[in-house]
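What follows is one structure encoded as structure tokens, with my remarks underneath.
The values are calculated or read from the model by the stated rules, or taken from the named source; none is laboratory data. Bear in mind that the values here come from a model prediction, so they are computed numbers and not experimental data. Positions of Cβ are generated from backbone atoms using ideal geometry, with glycine treated the same way; all protein chains shown enter the neighbour counts. These accessible areas exclude ligands, DNA and RNA; they are computed on the full protein's heavy atoms, side chains included. Shrake-Rupley method; radii C 1.70, N 1.55, O 1.52, S 1.80 Å.
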Amino acid sequence: MASLRQQLLSGVFYTALAKYSGIIVSLVIAGILARLLTPDEFGIVAIATVIIAFFGIFTDMGISPAIIQNKDLSEKDLSEIFSFTLWTGLLISLLFFAASWGIAAWYNSPVLRILCQLLSVNLFFASANIVPNALFYKNKQFKFIAIRSLLIQIAGGAAAIAVALLGGGLYALIINPILSSILIFAISIRRYPQHLSPTSGIQAIRKIFSYSAFQFLFNVINYFSRNLDKLLIGKYMGMSPLGYYEKSYRLMMLPLQNITQVITPVMHPIFSDYQNDLTRLASSYERILRILAYIGIPLSVLLFFTAKEITLIIFGHQWMPSVPVFRILSLSVGIQIILSSSGSIFQASGDTKSLFVSGLLSSLLNVAGMLVGIFVFGTLEAVAWSICITFTLNFIQCYWIMYHITFCRRVQPLIQQLLSPLLLSLILAAALYPVYHATQDMNLFLSAAIKGAVFALLFVVYIQVRGEYDILGKVKSILKK
């Protein structure tokens with residue numbers, strides 16, 4: 001049987017291969033669509049996407065991670081759970097379709113009704129895919145998942161661009177999620193065929209309910225924590241401000257999704273094998289956390305000083321109002337990269353109750369911050385600052401709960417993993433500050449290149465001097481080969 005390290009490296013390698021190939025694809029697609037569509041159109045689709053995400057929570061109900069965690073489910077159990085997801089998926093799709101009239105009326109946007117009705121198809125296939133997709137992760141088939149994800153991303157992106165070029169407008173932004181959900185289901189059900197049982201599936205659901213219930217509750221509150229800002233901005237500030245905010249938020253999420261989502265999908269399936277050895281689980285996680293800190297915290301510094309270049313190069317000058325918002329949001333990237341890995345550890349340890357409690361506290365803090373930013377200060381920048389502050393507070397409470405309740409372990413090992421990355425980030429900030437002012441009037445590409453070079457040089461020197469990784473030795477060995 002492969003060791004924990006081998007399984008992690010293999011899973012991360014294939015996931016990273018798909019993710020980082022996908023970065024290029026997604027940036028090209030986003031750049032093209034940003035030049036073909038208006039901020040208003042992006043804002044309208046953002047509302048539809050946020051609302052369907054809420055309905056999507058009720059299709060999964062924590063079932064997918066529960067299937068991964070539970071090692072005793074039989075084929076009969078899986079068939080019954082599959083039947084349950086089909087019936088609930090159909091019901092929730094119909095409810096979302098019916099709710100489209102109310103959603104459109106609330107935002108005074110008739111086109112929202114059509115968008116929501118079309119996206120209801122996505123809900124059904126996403127629900128039907130829960131069981132076969134969970135089996136890919138449970139059986140650690142990360143290579144297949146990676147290839148599937150990349151191919152579907154290319155197909156969906158190409159379809160979106162084609163629709164936009166043909167004058168489809170904002171409909172170009174929903175073709176990708178609809179097509180992707182259908183393709184994922186078609187591929188998954190072929191690999192892991194499921195049989196529809198003539199039952200409601202409730203009996204099998206009871207076997208995983210104690211685990212999935214808290215996971216489901218966490219998903220509900222996490223939804224509001226992550227999406228309430230967009231719902232309120234769209235309603236009280238307008239669709240164009242939402243479009244600018246949504247672009248800033250998506251840019252902030254890009255490194256988050258393409259760094260942590262390389263590691264976290266692998267963590268739960270592998271670490272769940274050690275749910276009865278929390279000491280080993282904690283020490284293994286601390287090594288991963290140190291790597292995430294070395295990537296995320298310095299990256300926040302780089303994104304802060306290159307916010308203008310990144311936004312305008314990718315999306316164009318019409319998105320200039322997004323720059324100050326993205327600059328503020330970038331300060332939270334490091335914290336979020338580390339924090340986003342915590343859910344997999346709560347899941348792997350079987351402690352979804354603590355995951356729910358931490359998520360509840362996070363949501364309360366995030367919602368309070370968003371309300372202050374929107375209704376007290378009334379600016380996008382204030383909302384961005386509220387997110388940075390609340391994520392910092394959530395980082396503290398999340399890891400206090402994890403170490404004191406889940407691990408029953410002192411928090412000092414965690415703090416030790418963060419000290420060196422924090423020092424590196426301070427050095428990078430001190431070096432990039434004068435460069436930032438000196439390159440204000442330069443060509444965007446040249447300015448980005450200079451800042452990137454300074455960042456890379458200092459990062460490599462620091463890592464080498466501190467002995468974190470022998471970069472020079474690795475380069476020499478490659479050159480000898």
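The trypsin sites (Lys or Arg not before Pro) of region 49-152 that DSSP puts in a loop, and whose beta carbon has at most 10 other beta carbons within 10 Å, are K71. Which ³J(HN,Hα) values in Hz, rounded to whole numbers, follow from the phi angles of region 146-152 under the Karplus curve 6.51 cos²θ - 1.76 cosθ + 1.60, where θ = phi - 60° and Gly and Pro get x? So the Karplus estimates, Gly and Pro as x, are 5, 5, 4, 4, 5, 5, 5 Hz.
Starting from the Cα of V111, move 7 Å in the Cα-to-Cβ direction to define the label point; list residues of region 42-84 whose amide nitrogen is under 19 Å from there. Only 42-52 fall inside the zone, counting backbone N under 19 Å. If the segment from Q464 to A158 were pulled out straight at 0.36 nm per residue, it would be longer than the present Cα-Cα gap by 106.0 nm.
Stretched out straight at 0.36 nm per residue, the stretch from W101 to A53 would grow longer than its current Cα-Cα span by 15.5 nm. Seen through its C-alpha gyration tensor, with square-root eigenvalues sorted a ≥ b ≥ c, region 118-245 comes out oblate because a/c lies at 1.5 or above while a/b is not bigger than b/c.
With 0.36 nm allotted per residue and the present C-alpha distance subtracted, the Y433-K235 stretch has 67.6 nm of extension available. The overall shape of region 343-481, judged from the alpha-carbon gyration tensor, is oblate: a/c is not under 1.5, and a/b is no greater than b/c. Note on region 267-354: with neighbouring protein chains present and a 1.4 Å probe, carbon and sulfur make up 61 percent of its accessible heavy-atom surface.
Under the rule a/c < 1.5 gives rounded, and otherwise a/b versus b/c splits prolate from oblate, where does region 58-115 land using the Cα gyration tensor? Note, shape of region 58-115 comes out prolate. When the residues L426, L360 are ordered by accessible surface, computed with a 1.4 Å probe over the protein chains alone, the sequence from largest down reads L426, L360. The alpha carbon convex hull volume per residue for region 399-460 rounds to 110 Å³. Under 10 °C and 1.306 mPa s, how fast does region 295-382 diffuse according to Stokes-Einstein, given a Kirkwood radius computed over C-alpha pairs? Answer in µm²/s, whole number. Roughly 105 µm²/s, to the nearest whole number.
Can you give me the % of accessible surface on region 41-165 that is carbon or sulfur? Probe 1.4 Å, all protein chains present, nothing else counted. In region 41-165, the share of accessible area belonging to carbon and sulfur is 72 percent. Note that region 74-224 presents 47 Å² accessible area per residue, ligands and nucleic acids not counted, probe 1.4 Å.
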